[in-house]
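All remarks here apply to the structure that follows.
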Amino acid sequence: MKIRVFETPADVARAVGQRVADALAARPSLVLSLPTGRTPIAAYAELRRLHRSGAADFSRAASFNLDEFAGVAPSHPGSFRAYMEQHLFSGVNLAPERIHFLDGAARDLDTECERYEAEVAAAGGLGLQLLGIGANGHIGFNEPGAELAARTHRVTLADSTRRDNAALFGGDPANVPREALSMGVGTILKATEIVLIATGERKAQCIEQTVHGPVTTRLPASFLQLHPRVEFYLDRPAASKLRA
Ligand code: PGA
């Protein structure tokens, strides 16, 4: 695993933005897989800036997103679809027909998961997977537990995850859906390259365990140790517990 440590979250965002722009330049038809959460917001702002300045062209690229809340339509302001529209899609030239999303409002959620997995395969698989990480070690909505799903699946959200996402639903964790749809750990690990972004002291412990600990379903991010091309983009506080 390649570990890159930067002084500030803004430096991390600039480096991740440039990393994606470089990947697009090298492969214009890149299939991106994208996270939500607070951490990637600055990197998405950087990508919009790079696009405005002509340094990031998404015209031939495709995107998938990792996850979506169950029971939430794409038009709902708390949906991850709405988040992506606000933070990235509205400011870059991704073709709408190549933006792929799980539909949390689908009538049959299991069928929707199968459809999504097939859509990833039909796009030729994921090229560059960007990831955030939960303080509990989740990636996508793959929560710690006795077992993990390999493929896109329905998940019951951890209480801590519902609290973390309360801002999207009027500030009340009780309003956050109990279920979500998420790519599986196997879906993620099949990506050609993976870039994980983490900032802040709150992530230091799970980053240390992800890099140095055992591979365990109790820390889903630890499975990244099995992938040959993973890079971590960290600020100093997030990297503070890593051994030299
Ligand atoms: P955060 O979320 O960026 O808001 O910390 C990360 C995640 O839960 O994957």
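Can you tell me which residue among G78, G54 is out of contact with any Lys or Arg (no Cβ under 8 Å at 6 or more places or on another chain) and either assigned to a helix (DSSP H, G or I) or touching a residue at least 60 places away in the same chain (Cβ under 8 Å) (or both)?
Matching residue, one of G78, G54: G78.
Within the range 20-57, can you find the residues that are open to solvent by 40 Å² or more (accessible area, probe 1.4 Å) and within 15 Å of the chain's Cα centre (by Cα)?
R38, I41, A42
Look through the range 142-152, keep the residues that are surrounded by fewer than 24 Cβ atoms within 10 Å (Cβ to Cβ) and not charged (D, E, K, R), and return whichever of them is nearest to the ligand (Cβ to nearest atom).
Here the residue is P144.
List the number of the failed condition for A73; all other conditions in (1) touching a residue at least 12 places away in the same chain (Cβ under 8 Å); (2) open to solvent by 30 Å² or more (accessible area, probe 1.4 Å); (3) farther than 23 Å from E143 by Cα; (4) part of a loop (DSSP other than H, G, I, E, B) hold.
The one condition A73 does not meet is (3).
Select from the range 35-77 the residues that are within 16 Å of the ligand (Cβ to nearest atom), within 19 Å of E114 (Cα to Cα) and of a type in the set (A, V, I, L, M) and list them in ascending order.
Matches in the range 35-77: L66 only.
Among the residues of the range 225-244 satisfying the criterion of being part of a helix (DSSP H, G or I) and within 21 Å of A13 (Cα to Cα), which is most open to solvent (accessible area, probe 1.4 Å)? Steps first, please.
Taking the range 225-244 and keeping what is part of a helix (DSSP H, G or I), we get 225-226, 236-239.
Filter again for within 21 Å of A13 (Cα to Cα), leaving 236-239.
Working: R236: 129, P237: 49, A238: 0, A239: 15 Å².
It comes out as R236.
When you scan the range 145-156, how many residues do you find that are of a type outside the set (G, A, S), under 21 Å from S33 (Cα atoms) and assigned to a loop (DSSP other than H, G, I, E, B)?
So in the range 145-156, the residues of a type outside the set (G, A, S) come out as 147-148, 151-156.
Applying the additional criterion that residues be under 21 Å from S33 (Cα atoms) yields 148, 151-155.
Filter once more, keeping what is assigned to a loop (DSSP other than H, G, I, E, B): 148, 151-152.
Summing the residues that are of a type outside the set (G, A, S), under 21 Å from S33 (Cα atoms) and assigned to a loop (DSSP other than H, G, I, E, B) in the range 145-156 gives 3.
May I ask you to say which residue of L168, L102 is within 17 Å of the chain's Cα centre (by Cα), at negative phi, among the hydrophobic types (A, V, I, L, M, F, W, C) and at pLDDT below 95?
L168
Just one of A105, A118, A135 is away from the ligand (no atom under 16 Å from the Cβ), among the hydrophobic types (A, V, I, L, M, F, W, C), open to solvent by 20 Å² or more (accessible area, probe 1.4 Å) and in a loop (DSSP other than H, G, I, E, B); which is it?
Answer to the check: A105.
Tally up the residues in the range 161-217 that are touching a Gly at 6+ places or on another chain (Cβ under 7 Å), hydrophobic (A, V, I, L, M, F, W, C), open to solvent by 10 Å² or more (accessible area, probe 1.4 Å) and assigned to a loop (DSSP other than H, G, I, E, B), please.
0
For the range 76-89, enumerate the residues that are touching a Gly at 6+ places or on another chain (Cβ under 9 Å) and open to solvent by less than 10 Å² (accessible area, probe 1.4 Å).
G78, S79, F80
The values are calculated or read from the model by the stated rules, or taken from the named source; none is laboratory data. On a predicted model such as this, the values are computed, not experimentally measured, just so you know. For neighbour counting, all protein chains shown are included, and Cβ atoms are generated from backbone atoms with ideal geometry for every residue, glycine included. The accessibility values were calculated without ligands, DNA or RNA, using every heavy atom of the protein model including side chains. Shrake-Rupley method; radii C 1.70, N 1.55, O 1.52, S 1.80 Å.
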